[in-house]
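Here the structure comes first, spelled out in structure tokens, and everything after it is commentary.
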Amino acid sequence: MIVIPAIDLKDGLCVRLLQGKKEDATVYSDDPLSTARRWESCGAKLLHVVDLDGAFTGNQKNIESIRRIREAVKMDIEVGGGIRDMERIDLLISIGINRVILGTVAIEKPELVKEACKKYPGRVVVGIDAKSGFVAVKGWVEVTHVEAKELALKMQDYGVTGIIYTDISKDGMMTGPNIEATREMVETLNIPVIASGGVSSIDDIKNLMTIKNLWGAITGKAIYSGAIDLKEAIKLTEGHS
């Protein structure tokens, strides 16, 4: 299992939201580049970048910041937030982003996911945010009637390279991830699953490590607040096979 640091961008700054609410943003850094370099120096192999302006409006304002982060680090980068058409996917891939994360469109325009997987095999990941087992969309503003597992299986059939699974009742609340729901998702699929949401301590990382075949875990708020030492977390997971 790999530990994946998150950078959430809003107006070009690194922020963290509480349960996805845009009015509950805490600015952690006005320099996303040095933040990215810091996480890379801790041993991170993959950086998770979310364009929050994109997630809420479907319009990415942070493409310049993303481009500069790409130029600043060697590690792989995945980007999500408001990617709702092929032009945006093409643009991100063209500036060297390794993987794009599609969210809301997996429900609203599943054909786009299929098309993107065909065009960029191995580079499309779908983020599934769930509340009580049902998919939430549009920056978590709407909860649908679609079951998270059902959507994940459909996306697996489309050829996505992995699923980022977030239990949104836990995200940014520092209360620990939903281990059972995450385990169930891993057992349902044959493709990699990355856990996200609520990872707030080394104990949470250890608990996630008990899920057989869980591919990775994303942590944001906890590494900024110092609740998790990223270097220590990476060492812990690398020593475990």
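The values are calculated or read from the model by the stated rules, or taken from the named source; none is laboratory data. What you see is a predicted model; the values in this text were computed from it and never measured. For neighbour counting, all protein chains shown are included, and Cβ atoms are generated from backbone atoms with ideal geometry for every residue, glycine included. Please note that ligands, DNA and RNA were not included when accessible areas were found on the heavy atoms of the full protein model with its side chains. Shrake-Rupley method; radii C 1.70, N 1.55, O 1.52, S 1.80 Å.
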_Return the pair list, or none, for Cβ contacts closer than 9 Å from residues in the stretch 1-15 that are surrounded by fewer than 24 Cβ atoms within 10 Å (Cβ to Cβ) to residues that are small (Gly, Ala, Ser) and assigned to a loop (DSSP other than H, G, I, E, B), at least 6 apart or on different chains._
ILE2/ALA44; ALA6/GLY220
*Answer yes if at least one residue in the stretch 142-161 is outside any loop (DSSP other than H, G, I, E, B), on the phi < 0 side of the Ramachandran plot and touching a residue at least 60 places away in the same chain (Cβ under 8 Å), and no otherwise.*
no
_Residue count for the stretch 183-241, restricted to those that are over 15 Å from PRO5 (Cα atoms), outside any helix (DSSP H, G or I) and at pLDDT 95 or above_ = 10
*State all residues of the stretch 98-112 that are open to solvent by less than 70 Å² (accessible area, probe 1.4 Å), over 13 Å from ARG88 (Cβ atoms) and more than 15 Å from the chain's Cα centre (by Cα); if no residue qualifies, say none.*
ILE107, PRO110
*Output the residues belonging to the stretch 210-237 that are open to solvent by 40 Å² or more (accessible area, probe 1.4 Å) and under 20 Å from VAL125 (Cβ atoms).*
ASN213, TRP215
*What is the one condition in (1) open to solvent by 40 Å² or more (accessible area, probe 1.4 Å); (2) in contact with a Phe, Trp or Tyr (Cβ under 8 Å, 6 or more places away or on another chain) that ALA152 does not satisfy?*
(1)
*asked:* Scan the stretch 168-181 and tell me whether some residue there is modelled with pLDDT of 95 or more, surrounded by fewer than 17 Cβ atoms within 10 Å (Cβ to Cβ) and in a helix (DSSP H, G or I).
replied: no
*Lone unmet requirement of (1) assigned to a helix (DSSP H, G or I); (2) crowded, with 17+ Cβ neighbours inside 10 Å for ASP129*: (1)
*Output yes when any residue across the stretch 114-123 is over 22 Å from TRP215 (Cα atoms) and out of contact with any helix residue (DSSP H, G or I) (no Cβ under 7 Å at 6 or more places or on another chain), and no when none is.*
yes
